[in-house]
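Please see the structure below; I have some questions.
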Amino acid sequence: MMNALAVADLHGNRQLYELLLRIAASWKISSIFIAGDLAPGCVEPAPLSAEATSAGVEMQRAFLAETLVPMLDAFLGLHRSSHIYAIQGNDDRRANEDLLAEFSDSCRNFHFVNDRIVEFQDSRTIRAFFPGEVPQLFVAGYPYIPVGASFLMDWVKHDNGVGLVPPDMDPCMELDSWGIRTVERRFDSTIQEDLSDFSTYLTRWGRTESTDYDPARTIHLFHAPPYGTALDRIAPRGRYEFLPMPEHVGSTAIRRFIDAAQPHLVLCGHCHEAVVLGDYKEDLGRTRCVNPGSQTHMNVLSVVQFDPFDPKQMKQLFVNAE
């Protein structure tokens, strides 16, 4: 039952989205997971300005409204047994979150799971006819990343209360003074605080289905990968003055959450090159963690095909769009 696909960091590459949907149609895929960075990236000028921030929001909004949403809507209209689960990532402007939420509300097969948990529709369908065949599963999304990877601060939080910052950032500066934010900060919490009681965190957003959160029965969509794994490797960057620059840039809080909670499956993204420098998968205890990687710059689709009920059954594929 390898009828699920995972991708991440397509960054508005229309050819790769089209290829992904053609593959899904051809292979009769019933579940597609997109782990963030949906829209084209924006190069922010220096110094940052309100006009440039607004232009970046509008550019991404136009892509979502005129390209991505119609494309997904057309696909799901033709393939009514397929479902798409998606979160935003650190390069996605949060001011456009409402557009994706509205599409999720209007399209029964598109599930926008920013800070939300929903029932995994494949398990619901199978259990309706064969209740003992598969477990009841859910999908939860959390798009935040630790400090240090982006001038856009919409999806950036401190990993924990220590408040570490990159070597080139003044430790006395507030996050909002360092970069740009397209919406006001919603909650002043750390990633560790959010995940320490993830059920309460999801409920606080008020968009959660009435279900008891159980990590062992939940597929987690994170944008940030767990720290110190094959999934958060980046290219060596040498030294900053007398400090060696890190080659792992994932979240320590997400790593600790996985170690402690042992979720059913973790799908993430963010570190494009990890699939080449490290691997696309790593097991932390019983939990299979996956970062499909991203090769958008070469018009190559990095995709993982897997069985959502037995996540150890999976394979990585690179498909050229040209």
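The values are calculated or read from the model by the stated rules, or taken from the named source; none is laboratory data. Keep in mind that this is a model prediction, so the values were computed, not measured. Reconstructed Cβ throughout: ideal geometry from the backbone, glycine too, with neighbour counts over all protein chains shown.
With the condition kept exactly as written, say whether any residue in the range 14-23 is surrounded by 24 or more Cβ atoms within 10 Å (Cβ to Cβ), at pLDDT 95 or above and in contact with a Phe, Trp or Tyr (Cβ under 6 Å, 6 or more places away or on another chain).
No, there is no match, as no residue in the range 14-23 is surrounded by 24 or more Cβ atoms within 10 Å (Cβ to Cβ), at pLDDT 95 or above and in contact with a Phe, Trp or Tyr (Cβ under 6 Å, 6 or more places away or on another chain).
So if I check each of E193, E209, which one is modelled with pLDDT under 70, surrounded by fewer than 17 Cβ atoms within 10 Å (Cβ to Cβ) and of a type in the set (D, E)? Quick ask: steps written out before the conclusion?
Details: E193 fails: modelled with pLDDT under 70.
The unique qualifying residue is E209.
Do you know which residues across the range 66-94 are of a type in the set (D, E) and touching a residue at least 60 places away in the same chain (Cβ under 8 Å)?
Once the filter is applied, which keeps residues that are of a type in the set (D, E) and touching a residue at least 60 places away in the same chain (Cβ under 8 Å), the range 66-94 yields D91, D92.
So is P292 out of contact with any Phe, Trp or Tyr (no Cβ under 8 Å at 6 or more places or on another chain), in a loop (DSSP other than H, G, I, E, B), in contact (Cβ under 8 Å) with a residue 24 or more places away in the chain and crowded, with 20+ Cβ neighbours inside 10 Å or not?
Judged against the criteria, P292 is not a match.
One residue is enough: does the range 24-42 have a residue meeting the conditions touching a strand residue (DSSP E or B) at 6+ places or on another chain (Cβ under 8 Å), among the hydroxyl-bearing types (S, T, Y) and under 21 Å from V118 (Cβ atoms)?
yes
Next question, about the same structure. Out of the residues in the range 101-140 meeting the condition of being surrounded by fewer than 18 Cβ atoms within 10 Å (Cβ to Cβ) and among the hydroxyl-bearing types (S, T, Y), tell me which one is nearest to the chain's Cα centre (by Cα).
Residue satisfying both the conditions and the ranking: S106.
Also, I was wondering about something else. Which condition from (1) surrounded by fewer than 17 Cβ atoms within 10 Å (Cβ to Cβ); (2) in contact with a Cys (Cβ under 8 Å, 6 or more places away or on another chain); (3) within 22 Å of I23 (Cβ to Cβ) is the one that D283 breaks?
Unmet condition: (3).
Additional query: Need the failing condition index for D98 against (1) loosely packed, with under 14 Cβ neighbours inside 10 Å; (2) farther than 30 Å from G250 by Cβ, just the number.
(2)
Find the residue count for the range 271-287, including only residues that are within 16 Å of the chain's Cα centre (by Cα) and modelled with pLDDT of 95 or more.
Of the residues in that region, 2 qualify.
I want to confirm something. Restricting to the range 102-124 and keeping residues that are outside any loop (DSSP other than H, G, I, E, B) and in contact (Cβ under 8 Å) with a residue 60 or more places away in the chain, which single residue is nearest to Q60 (Cα to Cα)? Show your work before the answer.
Filtering the range 102-124 for residues outside any loop (DSSP other than H, G, I, E, B) gives 102-106, 110-112, 114, 116-119, 121-124.
Applying the additional criterion that residues be in contact (Cβ under 8 Å) with a residue 60 or more places away in the chain yields 116-119, 121-123.
Working: R116: 22, I117: 25, V118: 26, E119: 29, Q121: 29, D122: 31, S123: 33 Å.
Result: R116.
Among the residues of the range 67-95, how many are over 23 Å from M2 (Cα atoms), surrounded by 18 or more Cβ atoms within 10 Å (Cβ to Cβ) and touching a strand residue (DSSP E or B) at 6+ places or on another chain (Cβ under 9 Å)?
Total satisfying the criteria: 8.
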